[in-house]
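Comments concern the structure below.
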Amino acid sequence: MKRAYFSSPIGILELVSNGKQICELNFVENSGKNDKNDENLKKVLRELELYFSGKLRKFSIDIYINASEFEQKIYNSLLQIPYGKTITYGELAASIGRQKAFRAAGNANAKNKIPIIIPCHRVVSTQGLGGYSGGKGIETKRFLLELEQKFKD
């Protein structure tokens with residue numbers, strides 16, 4: 001696995017590539033050395049810079065999703081949520097034909113190994129923001145949602 005690091009407004013992001021696709025985005029405390037020979041990592045670093053500056057609405061990098069069939073359906077549905085929009089956990093479950101599986105959809109969301117790129121932050125609870133397992137939790141989710149609101153259309 002090859003790695004690159006990006007200093008973002010929400011902390012240091014570690015990107016992991018299998019040589020062909022991005023397979024993880026992790027929130028880390030310290031930066032490491034960037035692998036300069038991986039085109040996927042170079043591309044995702046450029047796209048993250050554009051995303052955080054409000055100039056990128058949808059990532060185009062190749063990703064590898066290592067997950068159950070249910071989780072893959074959830075992640076593919078997450079990729080369809082437009083920039084600057086949110087849906088509820090119930091709407092996410094319904095989007096894959098499993099209306100009553102909103103808790104399972106929330107659990108899949110929490111297990112997302114490629115947050116931001118697979119925009120799990122765009123899913124909210126009917127009572128508020130819901131949870132977020134990356135970075136500084138809800139503070140990170142709020143930042144991402146506000147960033148997208150600031151730059152949408």
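The values are calculated or read from the model by the stated rules, or taken from the named source; none is laboratory data. On a predicted model such as this, the values are computed, not experimentally measured, just so you know. Positions of Cβ are generated from backbone atoms using ideal geometry, with glycine treated the same way; all protein chains shown enter the neighbour counts. Keep in mind that these areas ignore ligands, DNA and RNA; they rest on the heavy atoms of the full protein, side chains included. Shrake-Rupley method; radii C 1.70, N 1.55, O 1.52, S 1.80 Å.
Residues in region 29-49 that are surrounded by 13 or more Cβ atoms within 10 Å (Cβ to Cβ) and of a type outside the set (Lys, Arg): Ser31, Asn34, Asp35, Asp38, Asn40, Leu41, Val44, Leu45, Glu47, Leu48, Glu49.
Candidates are the residues of region 37-53 that are in a loop (DSSP other than H, G, I, E, B) and modelled with pLDDT under 95; the one that is farthest from Gly11 (Cα to Cα) is Asn37. For the structure I just gave you, tell me whether Leu79 is surrounded by 18 or more Cβ atoms within 10 Å (Cβ to Cβ) and either out of contact with any strand residue (DSSP E or B) (no Cβ under 9 Å at 6 or more places or on another chain) or free of Cβ contacts under 8 Å to residues at least 60 places away in the same chain (or both). No; evaluated as a whole, the condition is false for this residue. The lone criterion from (1) within 16 Å of the chain's Cα centre (by Cα); (2) assigned to a loop (DSSP other than H, G, I, E, B) left unmet by Cys23 is number (2). Tell me whether region 90-105 contains one or more residues that are under 12 Å from the mean Cα position of the chain (by Cα), farther than 21 Å from Ser53 by Cβ and open to solvent by less than 40 Å² (accessible area, probe 1.4 Å). Within region 90-105, not a single residue is under 12 Å from the mean Cα position of the chain (by Cα), farther than 21 Å from Ser53 by Cβ and open to solvent by less than 40 Å² (accessible area, probe 1.4 Å).
Among residues of region 127-141 that are assigned to a helix (DSSP H, G or I), those with a beta-carbon under 7 Å from a residue that is aliphatic (A, V, I, L, M) and surrounded by 13 or more Cβ atoms within 10 Å (Cβ to Cβ) at least six positions away or on a different chain give the pairs Ile138/Leu129; Thr140/Ile10; Lys141/Leu129. Of note, Ser8 does not satisfy the criterion of being open to solvent by 30 Å² or more (accessible area, probe 1.4 Å), farther than 21 Å from Val123 by Cα, small (Gly, Ala, Ser) and touching a residue at least 24 places away in the same chain (Cβ under 8 Å).
Scanning region 116-153 for residues being under 20 Å from Ser95 (Cα atoms), modelled with pLDDT of 90 or more and within 15 Å of the chain's Cα centre (by Cα) gives a total of 9.
Quick check on region 56-72: of everything there that is touching a residue at least 24 places away in the same chain (Cβ under 8 Å), among the charged types (D, E, K, R) and open to solvent by 40 Å² or more (accessible area, probe 1.4 Å), which residue is nearest to Ser17 (Cα to Cα)? Looking at the filtered set, the residue picked out is Asp62.
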